[in-house]
Amino acid sequence: GDDHALKNVSMEIPEKSVTALIGPSGCGKSTYLRCLNRMNDRIKSARIDGSVRLDGQEIYQDGINLVELRKRVGMVFQSPNPFPKSIRANISYGPRKHGDIDTSLLARLSGRSDEEAEERLVKRSLKQAALWEEVNDRLDDNALGLSGGQQQRLCIARALATDPEVLLMDEPASALDPIATSKIEELIHELSRQYTVVIVTHNMQQAERISDQTAVFLTGGKLVEYGDTDQIFENPRSQRVEDYISGKF
């Protein structure tokens, strides 16, 4: 509609690293994050001017397959949202929909069943999300029976199951207790060795702990400063950023 949420935001996000987006509520962090896999397209009144390129490919050009884009750029939301299905089905649902689990006649003739392929996928994804050891003996249980922290790690595993390049996280630990939050932070650190992670967080200590780069958005949808996390927190160039980080803003 008439609300201009983001203004002149320009940034380059390096691969296989963690980029944190920080700033006060309502400053446009989540809106920006949703631009990166065109989730804002789902809001009828939204329009976007500008360019987003993934590995040099313009994602806002006509003809882009949005299902394929969101497979490459996965998303984990603020509140855990597992499907009301088994733990196993949560992981395999996306790849089955995409046709990525090998059910070909050739695979079956060579003795590889789709069930075996599914088992490998489920195990790999849960191990990547540091959840396998906790749930491997109850994969057919309903995912809604897991704790909040386990549900959020399951949602991360579900996003990883489609083999994305980029993982977007919108305050993934804000609804979790300190122990579950610590596990999510450790997991993000591990995932950044293989994936490009972009995370929105209100917790500045969390941003300082886990990110390689930090972008500071302030009121009005403006990107005020972007750089290496150490530089942003120890020697910000903008007085407004220093005031925000020190709690004066």
Starting from region 230-242, take each residue that is in contact (Cβ under 8 Å) with a residue 24 or more places away in the chain and list its partners that are aliphatic (A, V, I, L, M) and part of a helix (DSSP H, G or I), counting only C-beta distances under 9 angstrom and pairs at least six apart or across chains.
233/204; 233/207; 233/245; 241/232
Can you confirm whether region 154-169 contains a residue that is at pLDDT 95 or above and either over 15 Å from the mean Cα position of the chain (by Cα) or basic (Lys, Arg) (or both)?
yes
For region 24-43, does any single residue satisfy the condition of being hydrophobic (A, V, I, L, M, F, W, C) and in contact with a His (Cβ under 8 Å, 6 or more places away or on another chain)?
no
Only one of (1) charged (D, E, K, R); (2) at pLDDT below 95; (3) over 23 Å from residue 21 (Cβ atoms) does not apply to residue 70, and that is (3)
Filtering region 1-49 for residues that are part of a strand (DSSP E or B) and either surrounded by fewer than 20 Cβ atoms within 10 Å (Cβ to Cβ) or among the aliphatic types (A, V, I, L, M) (or both) leaves a count of 5
Restricting attention to region 211-249, the residues that are under 23 Å from residue 5 (Cα atoms) and in a strand (DSSP E or B) number exactly 12
So for region 225-240 (the condition being closer than 14 Å to residue 18 by Cα, in contact with a helix residue (DSSP H, G or I) (Cβ under 7 Å, 6 or more places away or on another chain) and at pLDDT 95 or above), does at least one residue qualify?
yes
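Results for (1) touching a strand residue (DSSP E or B) at 6+ places or on another chain (Cβ under 8 Å); (2) of a type in the set (Phe, Trp, Tyr); (3) open to solvent by less than 20 Å² (accessible area, probe 1.4 Å), shown as yes or no for each residue.
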| position | (1), (2), (3) |
| --- | --- |
| 205 | no, no, no |
| 217 | yes, yes, yes |
| 222 | yes, no, no |
| 231 | no, no, no |
| 238 | yes, no, no |
| 247 | no, no, no |
Considering region 110-159, residues that are in contact with a strand residue (DSSP E or B) (Cβ under 7 Å, 6 or more places away or on another chain) and in contact (Cβ under 8 Å) with a residue 60 or more places away in the chain, and then whichever is farthest from residue 184 (Cα to Cα), we arrive at 143
Residue pairs, Cβ under 8 Å, 6 or more apart or interchain, first in region 166-183 and in a loop (DSSP other than H, G, I, E, B), second of a type in the set (Asp, Glu). List them.
173/185
By residue number, the members of region 50-101 that are touching a residue at least 24 places away in the same chain (Cβ under 8 Å), assigned to a loop (DSSP other than H, G, I, E, B), open to solvent by 60 Å² or more (accessible area, probe 1.4 Å) and on the phi < 0 side of the Ramachandran plot are 77, 78, 79, 81, 83, 84, 85, 100
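The values are calculated or read from the model by the stated rules, or taken from the named source; none is laboratory data. Keep in mind the model is a prediction, meaning the values are calculated, not measured. Cβ atoms come from the backbone with ideal geometry, glycine included; neighbour counts cover every protein chain shown. Quick note on the areas: whole protein, heavy atoms, side chains included, nothing else; ligands and nucleic acids left out. Shrake-Rupley method; radii C 1.70, N 1.55, O 1.52, S 1.80 Å.
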